[in-house]
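Colleague: Let me begin by handing over the structure; questions about it come next.
The values are calculated or read from the model by the stated rules, or taken from the named source; none is laboratory data. All values derive from a computational prediction rather than experimental measurement. Cβ placement follows ideal geometry from the backbone for every residue including glycine, while neighbour counts extend to all protein chains displayed.
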Ligand code: ADP
Ligand code: GLC
């Protein structure tokens, strides 16, 4: 079975969130099951630097609309996964991140940049392709590659089936009507049964509408998005496609996230050497200018700072949380207002609360290892990876019962399986109560140890998810 995995980010080179982690680890897990997966990803500066010798293996000569003709270069990732780098420097060889310029605003030509990525994915899956390798399935992810399913649907010569994996319904890739022509889509696509969404062209809807199958990243999220309350305008369409929609829980990269071998840590540890975790807390307190206190629980957040993540709820009760008493570390970036609010809190509670604004992979690892409690009060969470990193690092998660958080964290009330603390309503009061429960449990070492052990024993590897994807590929 041959699968083209089309993605707009891939760890460890280019990552803004969980999609990057998934694209960096799932392909190898699929390859281990015998699937011939190759990953199509834009040749961002980081990838050109990592693979300077990537050779050109194809160049489509015409893609329609105003789309340029890029080169496709081939490279081999260290884990053995072949990468197809979509090389068109005017689009992808830029500073900033894949979606935003250095000033934090969306690139104005994102419809063309990700339209091109989608179009080339469809080209590789069609008889027009000049590549020797022909995929049976084009597996696309989120709005950035959603249009691939539409191209495979509307253009003649499609050979591959399509699977669209939804990582987040909040990002819909909406562009104006004129982009239909620029992207080389036929007029017929401009309809309710096509890519049109309330007067806009939606890349996300294109994927949901036209993919042969749809998956999302947890069973709970697959159910939630079919309700009007959580479907973000797509619930009707998702209900309509329910027979072709499934939820497959993400795994994590258990090599990159292993406390026993993690090179970013001050001191490695394991479930049997759990006492060594404490050194990470002591060192991080020094690194971030917190008081060196062993007698206080250290709470942590590593997150995008957006509405989705519900961190405004934590901000509201932060003074009470610090009075538990507890310490708090936050690493995040996102909305300017949230960044400012967190920075202000840290200034006010110097020594007890440390806030780092930015994206820092190594620090994220050190925080996971150092913290006692990890906080994720998300309003919605398709899967969430940090709670799984936390479980593996013996850092007890406090989460809201939504999406993948509900599917991975079991409340401490269940003495046999409990590995964290779960609360229901998206309110600061409910969050505070859960944090109070967690802090009380932390002061009872035997109870805490049990929660940690349950979490660390959980199998979060990609093997199980990969088997589900293979089953799904087979149905196609
Ligand atoms: P989402 O994709 O919605 O942001 P996930 O929990 O699936 O949420 O994945 C987020 C990933 O991004 C995790 O690997 C997390 O550690 C990482 N991450 C988020 N913010 C930062 C940051 N400021 N610095 C370093 N890593 C971060
Ligand atoms: C999205 C979601 C997150 C999920 C990730 C990877 O960014 O917000 O919950 O874990 O994709 O699937």
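Colleague: From the list 331, 324, 363, 313, pick out the single residue that is in contact with a helix residue (DSSP H, G or I) (Cβ under 9 Å, 6 or more places away or on another chain), in a helix (DSSP H, G or I), closer than 25 Å to residue 423 by Cα and at pLDDT 95 or above.
Modeller: When all the criteria are applied, what remains is 313.
Colleague: Inside region 219-250, can you point out the residues that are within 15 Å of ligand 2 (Cβ to nearest atom), in a loop (DSSP other than H, G, I, E, B) and more than 13 Å from residue 169 (Cα to Cα)?
Modeller: 248, 249, 250
Colleague: Still on this structure: Select from region 366-376 the residues that are more than 11 Å from ligand 1 (Cβ to nearest atom) and either over 21 Å from residue 285 (Cα atoms) or outside any loop (DSSP other than H, G, I, E, B) (or both) and list them in ascending order.
Modeller: Once the filter is applied, which keeps residues that are more than 11 Å from ligand 1 (Cβ to nearest atom) and either over 21 Å from residue 285 (Cα atoms) or outside any loop (DSSP other than H, G, I, E, B) (or both), region 366-376 yields 369, 370, 373, 375.
Colleague: Taking only region 27-51 into account, find how many residues are assigned to a loop (DSSP other than H, G, I, E, B) and either touching a strand residue (DSSP E or B) at 6+ places or on another chain (Cβ under 6 Å) or not assigned by TED's automatic domain parsing to the domain that holds residue 115 (or both).
Modeller: 4
Colleague: Please state which one of 108, 86 is in contact with a strand residue (DSSP E or B) (Cβ under 7 Å, 6 or more places away or on another chain) and over 21 Å from residue 210 (Cα atoms).
Modeller: 86
Colleague: Among (1) farther than 30 Å from residue 135 by Cα; (2) crowded, with 24+ Cβ neighbours inside 10 Å; (3) within 16 Å of ligand 2 (Cβ to nearest atom); (4) touching a residue at least 24 places away in the same chain (Cβ under 8 Å), there is one condition residue 455 misses while meeting the rest; what is its number?
Modeller: Single failed check for residue 455: (3).
Colleague: Given the condition closer than 25 Å to residue 247 by Cβ, in contact with a helix residue (DSSP H, G or I) (Cβ under 7 Å, 6 or more places away or on another chain) and within 16 Å of ligand 1 (Cβ to nearest atom), answer yes or no: does some residue in region 184-198 qualify?
Modeller: For region 184-198, residues closer than 25 Å to residue 247 by Cβ, in contact with a helix residue (DSSP H, G or I) (Cβ under 7 Å, 6 or more places away or on another chain) and within 16 Å of ligand 1 (Cβ to nearest atom): absent.
Colleague: Report every pair of residues separated by at least 6 positions or lying on different chains whose Cβ atoms are under 8 Å apart, first residue within region 79-96 and in a loop (DSSP other than H, G, I, E, B), second surrounded by fewer than 14 Cβ atoms within 10 Å (Cβ to Cβ).
Modeller: These pairs meet every condition: 88/68; 94/101; 95/101; 95/102; 96/102.
Colleague: I'm trying to understand the selection: among the residues of region 271-301, which are touching a strand residue (DSSP E or B) at 6+ places or on another chain (Cβ under 8 Å), touching a residue at least 40 places away in the same chain (Cβ under 8 Å) and part of a loop (DSSP other than H, G, I, E, B)?
Modeller: 288, 289, 290, 291, 297
Colleague: Do we have residue 289 as within 16 Å of ligand 1 (Cβ to nearest atom) and either over 19 Å from residue 442 (Cα atoms) or more than 25 Å from the chain's Cα centre (by Cα) (or both) here?
Modeller: No: the conditions fail for residue 289.
Colleague: So which residues in region 377-418 are without any contact (Cβ under 8 Å) to a residue 40 or more places away in the chain, assigned to a loop (DSSP other than H, G, I, E, B) and away from ligand 2 (no atom under 16 Å from the Cβ), if there are any at all?
Modeller: 412, 413, 414, 415, 416, 417, 418
Colleague: While we're here: Scan region 229-243 and report the pairs whose first residue is within 19 Å of residue 426 (Cβ to Cβ) and whose second residue is part of a loop (DSSP other than H, G, I, E, B), with Cβ atoms within less than 7 Å and a gap of 6+ or a chain change.
Modeller: Partner pairs satisfying both residue conditions: 230/380; 231/225; 232/169; 232/170; 235/225; 235/226; 235/227; 235/228.
Colleague: What's the total number of residues in region 1-26 that are within 16 Å of ligand 1 (Cβ to nearest atom) and in a strand (DSSP E or B)?
Modeller: Qualifying residue count, region 1-26: 2.
Colleague: Residue check, residue 256 against (1) part of a loop (DSSP other than H, G, I, E, B); (2) assigned by TED's automatic domain parsing to the domain that holds residue 17; (3) surrounded by 17 or more Cβ atoms within 10 Å (Cβ to Cβ), all met but one. Which one?
Modeller: Condition (2) is where residue 256 drops out.
Colleague: Another question about this same structure. Exactly one condition in (1) away from ligand 1 (no atom under 14 Å from the Cβ); (2) surrounded by fewer than 18 Cβ atoms within 10 Å (Cβ to Cβ); (3) in a strand (DSSP E or B) is not met by residue 215; state its number.
Modeller: Condition (2) is where residue 215 drops out.
Colleague: Output the number of residues of region 143-186 satisfying the condition of being touching a strand residue (DSSP E or B) at 6+ places or on another chain (Cβ under 7 Å), within 16 Å of ligand 2 (Cβ to nearest atom) and not in a strand (DSSP E or B).
Modeller: Going through region 143-186 one residue at a time, the tally reaches 5.
Colleague: I'm checking my understanding of the structure. Among residues of region 231-250 that are within 16 Å of ligand 1 (Cβ to nearest atom) and crowded, with 17+ Cβ neighbours inside 10 Å, which one is farthest from residue 388 (Cα to Cα)?
Modeller: 247
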